[in-house]
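Below you'll find the structure, written out as structure tokens, and then a few comments.
The values are calculated or read from the model by the stated rules, or taken from the named source; none is laboratory data. Computed from a predicted structure; not experimentally measured. Just the protein is used for accessible areas: all its heavy atoms, side chains included, with ligands, DNA and RNA removed. Shrake-Rupley method; radii C 1.70, N 1.55, O 1.52, S 1.80 Å.
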Amino acid sequence: MMMMIVPGYLSFPPVSGVEYQNKSAVMVFALGSASERLLRDLSNYKHQVYRDTYPFHNDTRKEGFMFLTTCSQPRSRGQVTLRDSSTSVPPLLDTNYLHQYHDVACMIKAIRRAERLVSTKAFQEIGARIHWPRPERCRTFWRYSAEDQAGLKPKRKRFKSTKQEKKPKEAANVKPKSPKMSPPDEYLECLLREVAVTGHHAAGTCAGGTVVDNHLRVKGVKGLRIMDASVLPTPLSLYPNSVLVGMAEKAADLIRNTPETLI
Ligand SMILES: Cc1cc2nc3c(=O)[nH]c(=O)nc-3n(C[C@H](O)[C@H](O)[C@H](O)COP(=O)(O)OP(=O)(O)OC[C@H]3O[C@@H](n4cnc5c(N)ncnc54)[C@H](O)[C@@H]3O)c2cc1C
């Protein structure tokens, strides 16, 4: 959920590396370029939020990549409520993201790991630097200007100088070093609440053991089974699709091999 820019790299498949540690993960994503349309469709960002998050969205000279950081076992739980017994009335969905502070802390840990990765020799050698998103509502938590974000000027260190003090001559030629631009946790939490996007791995609304039995039969209803992500009792760590395809194969076998009297 942070963006980095390095010059001159060509496009690559969306996820080109994943690192797991302590139930959180860091992914290298969208090497080369990220399509505004795709990201806005996926994230539902408003126009300005998108621009504040991806400062080089329209600058093809600035190629880069993103780190996606995620919590693979989130504890927050949402809710689906039926508004009507008619299937034509959409249900109410409350995703309840980041309700449990555990999920925020877990993702902050992953962001810090991504930050450390950027400071390693390998990333420094390709000139990688982080362009933190700077949504308006987070700016009170950290002084980070649009110029800082674009890397246009190093932040000057404040130092007290008295009139009597004279700078040594050599110092005039020394370029100010860019201080480490590391946001406080409060800023990261604000970023998560403002611009984090979902992985779209919703599941669990007809959890196995509660709504369906171990043969995927809906409890109390004859002749009805469910096989989709809703039957997962707890979140899968990261990508669910292959597991769901495997479960669907199993469900087909179950249905084929169940005597009619037991359906
Ligand atoms: C943008 C996005 C990116 C994702 N990326 C990944 C990824 O990279 N890797 C990964 O593992 N997972 C990914 N996922 C998650 C993954 O796609 C889902 O977890 C998975 O598809 C869920 O499977 P499902 O069978 O429960 O539901 P679905 O795959 O949504 O299948 C439901 C099906 O039911 C059909 N349907 C709905 N209503 C009716 C109706 N009334 N009558 C008949 N048919 C109906 C729909 O058309 C659909 O075909 C992504 C999801 C999204 C949205």
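A compact table of results
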| quantity | calculated |
| --- | --- |
| Alpha-carbon centroids, the range 182-235 and the range 38-60: separation in whole Å | 27 |
| More than 12 Å apart - percent of Cα-Cα pairs taken over the range 201-263 | 66 |
| Amide H within-cut-off set for ARG129, under 5 Å, with H built and near neighbours excluded | ILE5 |
| Solvent-accessible area per residue, Å², over the range 106-148 with all protein chains present [probe radius 1.4 Å] | 55 |
| Percent accessible area from carbon and sulfur atoms, the range 201-263, protein chains only, probe 1.4 Å | 60 |
| Residue-normalised accessible area of the range 201-263, expressed per residue, 1.4 Å probe, Å² | 65 |
| Per-residue ³J(HN,Hα) for the range 44-58, Karplus 6.51 cos²θ - 1.76 cosθ + 1.60, θ = phi - 60°, Hz, x for Gly and Pro | 6, 5, 6, 3, 5, 4, 4, 5, 6, 8, 10, x, 10, 4, 10 |
